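Notes for the one structure printed next.
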Amino acid sequence: MIFLLIGILLYLAVVSDIIQTTLSMQGGGWITTRLAHYLWNGFLLLAGRDGNKKFLSHCGYILLGIILITWVVLLWGSFSLMLLSVTDSVVNAQTKLPADIWSKFYFAGFNIATLGLGDYVPGNDWWKFVTNVYAFTGLILLTMSVTYLVPVLSAVIEQRKLAIKLESLGPDAQTILADLLQEKTYVMNYKLDEISDSLIKHTQNHRAYPIIHYFHSYKPEKAIVLQLAKLFEVYYLIKFHLKAEWQPAKIHISSLEDSFVNYTNIVRDVTHMNLIEELPEAFTYKELETKYYQLEKPNPEILEAINERRKVFNSLVIQDGWKPKTN
């Protein structure tokens, strides 16, 4: 009876994980997110916590494959445990004798794969029903896996496009801001809106498919977390240090702010990242401070809120194998 109970609970756990991961659009299931998190940390440890290691660029699709295999193994294991709970749950199709342990594992496997070989059959009507449930579940798992892979790979492509777009803005926050300030106001507003829209799309992809977080680029200029951390510093400068007469229209900077708030909330939620409490080192912007800066610090409440966001980006950078960039 204990095998039957464990098998049922395992079946419910893996099915709920598959449904939440592939259909909910609200992040991965309990099993999937934690498996991806711990495996990534293991890969990062093997790479010496060095984001430049080419090995890490293969981790995304490896993790995706491991997740799919885990679903199959757990489903197979749950069916096998249920079959092992009763002696005559499976019988030989010719002799009608009860199957042994290994034959039950074999029977569970080929039914989940919907092969239907027929050399072993369920022992009674109840086990025929259970076998049908697992056969349909295996078919649905196969279908969901394929339909899940396509949008995940599309989201990865969009993530890489965003990284390239942000890298093209400039090598650091100071350069990006200086270039933006050389543009006419309407051009700067347009660029900020375009970036906000791209970040919102990336955030929603992150919510729906958290696995894209682990598709790593070993080239810093194409690493999405480095590019987003750099962009956040641009927002920080515009919002809190740029003179009022040089700032873009409030609606445009508010749109970027909302995009960052949404992103940091979602990335913390779906990746189970460990927040590192230390802030990145303070940046200096000597070329800008005489012409564009007002050096007064924000009030403590605003500074505390913005520093929480900076901690998230600092944590993302470190946990992606990089060292926070200072200048």
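With the structure loaded, tell me whether I302 is more than 14 Å from L228 (Cβ to Cβ), at pLDDT below 85 and either under 21 Å from the mean Cα position of the chain (by Cα) or open to solvent by less than 30 Å² (accessible area, probe 1.4 Å) (or both) or whether it fails that test. For I302, the condition - more than 14 Å from L228 (Cβ to Cβ), at pLDDT below 85 and either under 21 Å from the mean Cα position of the chain (by Cα) or open to solvent by less than 30 Å² (accessible area, probe 1.4 Å) (or both) - is not met. Condition check for E221 on (1) charged (D, E, K, R); (2) modelled with pLDDT of 85 or more; (3) surrounded by 15 or more Cβ atoms within 10 Å (Cβ to Cβ): one failure, at (3). With respect to the numbered conditions (1) open to solvent by less than 30 Å² (accessible area, probe 1.4 Å); (2) out of contact with any Leu (no Cβ under 7 Å at 6 or more places or on another chain), which one is the sole condition not fulfilled by I18? I18 satisfies all of (1) open to solvent by less than 30 Å² (accessible area, probe 1.4 Å); (2) out of contact with any Leu (no Cβ under 7 Å at 6 or more places or on another chain) except (2).
Looking across region 112-142, the residues that are open to solvent by 20 Å² or more (accessible area, probe 1.4 Å), part of a helix (DSSP H, G or I) and closer than 19 Å to V86 by Cα come down to D125, W126, K128, F129, N132, V133. Looking only at region 19-55, residues that are part of a loop (DSSP other than H, G, I, E, B) and among the hydrophobic types (A, V, I, L, M, F, W, C) come to 2 in all. Restricting attention to region 89-99, the residues being free of Cβ contacts under 8 Å to residues at least 24 places away in the same chain and surrounded by 11 or more Cβ atoms within 10 Å (Cβ to Cβ) number 1. Among the residues of region 146-186, those identified as touching a Lys or Arg at 6+ places or on another chain (Cβ under 9 Å) and open to solvent by 80 Å² or more (accessible area, probe 1.4 Å) are R160, I164, P171.
Of the residues making up region 187-206, those that are surrounded by 15 or more Cβ atoms within 10 Å (Cβ to Cβ), among the charged types (D, E, K, R) and either farther than 19 Å from T21 by Cα or at pLDDT below 90 (or both) number 2. When W102 is tested against the conditions (1) of a type outside the set (G, A, S); (2) part of a loop (DSSP other than H, G, I, E, B); (3) exposed (fewer than 12 other Cβ atoms within 10 Å of the Cβ), the lone failure is (2).
The values are calculated or read from the model by the stated rules, or taken from the named source; none is laboratory data. Computed from a prediction, not measured in an experiment: that's the story for all the values here. Every residue, glycine among them, receives a Cβ derived from its backbone with ideal geometry; neighbour counts consider all protein chains shown. Ligands, DNA and RNA are excluded from the accessible area calculation, which covers all protein heavy atoms including side chains. Shrake-Rupley method; radii C 1.70, N 1.55, O 1.52, S 1.80 Å.
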